[in-house]
1. Among residues belonging to region A:221-249 that are touching a residue at least 40 places away in the same chain (Cβ under 8 Å) and of a type in the set (Asp, Glu), point out the one that is farthest from B:Pro173 (Cα to Cα).
2. Take A:Leu130 and tell me if it is in a strand (DSSP E or B) and of a type outside the set (D, E, K, R).
3. Tally time: how many residues in region A:298-313 are surrounded by 15 or more Cβ atoms within 10 Å (Cβ to Cβ), in contact with a strand residue (DSSP E or B) (Cβ under 9 Å, 6 or more places away or on another chain) and assigned to a loop (DSSP other than H, G, I, E, B)?
4. Of all the strands (runs of 3 or more DSSP E) wholly in region A:325-435, which have at least 1 residues that are within 25 Å of the chain's Cα centre (by Cα) and touching a residue at least 12 places away in the same chain (Cβ under 8 Å)?
5. I'd like the residue in region B:129-178 that is at the interface with chain A (Cβ under 10 Å from one of its Cβ atoms) and of a type in the set (Ser, Thr, Tyr) and, out of all such residues, is most open to solvent (accessible area, probe 1.4 Å).
6. Checking B:Asp549 against (1) closer than 30 Å to B:Leu274 by Cα; (2) open to solvent by less than 30 Å² (accessible area, probe 1.4 Å), which single condition isn't satisfied?
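The values are calculated or read from the model by the stated rules, or taken from the named source; none is laboratory data. This one's a predicted model, so the numbers in the text were calculated from it and none came from an experiment. Cβ placement follows ideal geometry from the backbone for every residue including glycine, while neighbour counts extend to all protein chains displayed. These accessible areas exclude ligands, DNA and RNA; they are computed on the full protein's heavy atoms, side chains included. Shrake-Rupley method; radii C 1.70, N 1.55, O 1.52, S 1.80 Å.
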2 protein chains.
Amino acid sequence: MRHNFLGMYRTHNCGELRKENIGQKVQLAGWVQRIRDKGSIKWIDLRDKFGITQLILEEGKCDGNILKTASELGREYVIQTEGEVVERYSKNPDIQTGDIEIRPNTLKVLSVSKTPPFTIEEESDGGEELRMKYRYLDLRRPPLQNNLQLRHKMLQETRRALDEFGFMEIETPFLIKSTPEGARDYVVPSRLHEGEFYALPQSPQTFKQLLMISGYDKYFQIVRCFRDEDLRADRQPEFTQIDCEMSFVEIRDVMDTFEALVSRLFKTVLDLELPAFEQLSYADSMRRFGNDRPDTRFGMELCHLNDLTQGKGFKVFDNAEAVIGIPFTGGGSYSRKQIDALTDWVKRPQIGAMGLVYVKYVDGELKSSVDKFFSKEELAGWMEKAEAGPDDMLLILAGEKARTLFAASELRLELGSRLGLRKPGEFKPLWVYDFPMFEWDEEEKRFNAIHHPFTSPKDNQEQLWEKDPGSLLANAYDMVINGVEVGGGSIRIHRRDMQELVFKALGFSKEEAEEKFGFLMEALEYGAPPHGGIAFGFDRLCALMGGADSIRDFIAFPKNNSARDVMLNSPSGISPKQLDELSLEISQGSKSS
Amino acid sequence: MRHNFLGMYRTHNCGELRKENIGQKVQLAGWVQRIRDKGSIKWIDLRDKFGITQLILEEGKCDGNILKTASELGREYVIQTEGEVVERYSKNPDIQTGDIEIRPNTLKVLSVSKTPPFTIEEESDGGEELRMKYRYLDLRRPPLQNNLQLRHKMLQETRRALDEFGFMEIETPFLIKSTPEGARDYVVPSRLHEGEFYALPQSPQTFKQLLMISGYDKYFQIVRCFRDEDLRADRQPEFTQIDCEMSFVEIRDVMDTFEALVSRLFKTVLDLELPAFEQLSYADSMRRFGNDRPDTRFGMELCHLNDLTQGKGFKVFDNAEAVIGIPFTGGGSYSRKQIDALTDWVKRPQIGAMGLVYVKYVDGELKSSVDKFFSKEELAGWMEKAEAGPDDMLLILAGEKARTLFAASELRLELGSRLGLRKPGEFKPLWVYDFPMFEWDEEEKRFNAIHHPFTSPKDNQEQLWEKDPGSLLANAYDMVINGVEVGGGSIRIHRRDMQELVFKALGFSKEEAEEKFGFLMEALEYGAPPHGGIAFGFDRLCALMGGADSIRDFIAFPKNNSARDVMLNSPSGISPKQLDELSLEISQGSKSS
């Protein structure tokens, strides 16, 4: 070991030689990034994770064998060289080793390389599918190296912080028991126990609660979780969570702790001071932004116009459950054509609005697509309520409440993007709290837990359990940054009777509850401390902090949209012998039945 | 948050109050460890992870309601109290809070507890099965809390060190592809791809090699691995590895790096200076100790006596492939009865020896169970060769070589234990290297890889590939401490042609090799650096450092010997609907066919 754990093949890495090293004999190893050949002189850019160092080979000044070896090199060959650090003829200020180059005394090919199927540069010419198949080559590109480096740093800093905060890292099992939300469990057949299955955890939720009951006080784990969903664009069947739980805490404690964690991550990893966390109730968030994970980097908050717009004879508004305006800052200059394009945009199925009404000044006068139903004073009243000024345009959506809120929320984000108000380097964190306990599942005719069935309800809601369970509020909270839900958690139930009440509200029979969660309910009878916690979507947090939209670029070996690893070609068949050992048969065509 | 992330329920934990706090008003929360009642005075020991603090309740000096609440408390109740820190009448030097006690002004029950099914003390009265079922209660006991605390520290220190050494933490997938060693893979049926399966990794081996090919230079991960074995005493179906890989290294580099890691762990976690690492070839280890993971805390090395013992007419020796002596230090005083007991011990099926020959001094004269076949001079020659002195006893085993080495190795360890030479606080680390590449599988009539199929052979053995593959040596190494193999690794193959040669030697057809490892072989064609690595059994390393034999006590939620989680009752059946979605059927009774 020469130094810095570099190994016997090299004295330095390809990113560290400087002017100060001139005159030294060094040994380097790495990949051939580029070869330039000017007849009597060849330059080789030698690359490793740490940087690029230039080798210079001059006819006459350099052994003939070296020149011969060099002439046989190709892109991505792995070579080792021993030589002298010399000052460059012409410096390259763009790279850190740009003051020097190496005059090799030896040049050895350690591995040859076929020509890669795509270029290994900042931007590659390879398509998505090809780059996934050759993921190990795509991973050589600087953007992916940077992403994984950021992720590495995040991993280290997260654990360092939580360790300092007094959290204990405890590893929970991966082979667990299938749960009622089990429809989305990946299962693992047992060979030793015929016909029985383990499940892979969707989260370590029950284990971390048991650890609080065991008295471990504060737990954390950065842990893989699994969910067998029909995949949407940016979901992965396996994903990583920062999973945490604390004993003897209330909501405020959890918020304080994880504000401290996330602020510290931004500081240490990005050298950014995160602003103070806002707090917003679920109801306020829905009202002001139309969703429960608002991007608060910009204003243009929704304005609820039912009072001012209904009962004036305009049927679309009169029949609407909600009439919602968005004050589009500076939108007053939008042309008719631009407004039409925006109307088309909101009418796309992904947004689902029926149409778009506008109000804006034209030549000093308020104009609107609905001005035959409303007076100038009425229009002015809307503008005033929405805090839209003379240069702005008020855009109005109307219809069924949930859908209109959704469309308004999407439109607001789109307008924010168009105005450049969703600035990449700016981060606005907040907490959303006071979520409902349950949401009604129209298909199954029962309630589902919005967070999960272990979330405690807020105090003093006794009368609602019978009367209106749908309006019960939970001790649940999400951390939101720039419109991304980065984490969510709750104060848990720590009494068996309350846990039974919730299972009942969710439509579990006593037997079902017992079979699936008997161990937890029993544990709650042996002295469970009040406790609560949170889980962060680690892939997403990395992507957010790395300034990217897709989590896939922050996972070394992701699956594609159909949960397939195209590099490994997995999943794949297994042998009849294996199936037999597992006591399983493939039921051909069962899905069509 | 009052301080130290303790939460709203308390100002201090139960382990931190000292003389300096006398006079302060504090708030504590925790579990009732013990209540002592002397009529007019009650003492409550309040416990949390951090320690125990005593509450004192005196009639007259204390609110009647508090006394009433206290009289209803039981073991393991969770309570919260607010009160004043006072000096104790009689100090308790055994606990850190022994100078003080609390006079409560309030006492609130946060959770009641049923009487636990076993005592929650240093030593529990509960049987293994019961404690596994109520693991969350067993985890409250100090020994398990200490074990998990040690594990937490090991996790943090390992990552901190590897980060400093320049290793990058990269998470590899859990849903991967089944491999030829696949017989021991856990598989995961895919819902989206009918009849196809993922496998859970037995190790991230191929991924870490791909990461080296991707240029990540040094990788690590503390990662869960899975192996569906017929369980032996101290195996778990899921276990944790410290998994590492380095580019541009030779064996010496890997050894240096991980000596540095492990020495640092001993220093930071146990405050122990680990002695220098010995190095021992596999052949020497087998010869001197009879196994490839010797406990070098003591001597009594094996002595090979074939030369001196054969051809003298004693059939047992004459017909033996190996005659092996063990110089039992101080064993000269063993009685006939003790020797007989030892003979019975080696003849047990677990050891499998046919008998035991002894040589020792009785009244100044050498005696032996075989002295009618050998002269005193011959016996003296054996003693001399084995370096056995006048107070020692030479024990001799004979028979087929591998079995005799095994028995001799076991006997040596047993004697070492009896002599107290395997001292708990002493640690003797070493490397065993130069392992064979392959071992012959008599059942399957083919070679198996001793390490794994990606291990490179040593140089200059070309002639052996055809002639005697069984004697090929590998660039493989194990780290051994006190007779425990804590880690093992190798320099890998980094060229496709060599990888093909090894697959061929292992009896893979070209098609099999291609189907299972095509992606890796192809990756080797795109510029693979020389690389190597190691993996440590983390559970075992923790157990070793924690001074325990069983890894189960260092895993929060282990499975039992039949791979079952008795707390969760897992594995278990899944619903017909789930089976149908996975296109699977249970084949009843298929195993008997």
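1. A:Glu245
2. For A:Leu130, the condition - in a strand (DSSP E or B) and of a type outside the set (D, E, K, R) - is not met.
3. Here the count works out to 5.
4. By residue number, A:429-433.
5. Once the filter is applied, the top-ranked residue is B:Tyr134.
6. The one condition B:Asp549 does not meet is (2).
Residue by residue, here is whether (1) closer than 22 Å to B:Gly7 by Cα; (2) in contact with a Ser or Thr (Cβ under 6 Å, 6 or more places away or on another chain) holds:
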site	(1), (2)
B:Ala29	yes, no
B:Ile44	no, no
B:Glu58	no, no
B:Cys62	no, no
B:Arg88	no, no
B:Asn92	no, no
B:Gln96	no, no
B:Leu107	yes, yes
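Here is a yes/no grid of residues against (1) out of contact with any helix residue (DSSP H, G or I) (no Cβ under 6 Å at 6 or more places or on another chain); (2) away from chain B (no Cβ under 14 Å); (3) more than 27 Å from A:Leu139 (Cβ to Cβ):
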residue: A:Gly23; (1), (2), (3): yes, yes, yes
residue: A:Arg47; (1), (2), (3): yes, no, no
residue: A:Gln54; (1), (2), (3): yes, yes, no
residue: A:Gly60; (1), (2), (3): yes, yes, yes
residue: A:Ile66; (1), (2), (3): yes, yes, yes
residue: A:Ser71; (1), (2), (3): yes, yes, yes
residue: A:Arg88; (1), (2), (3): yes, yes, yes
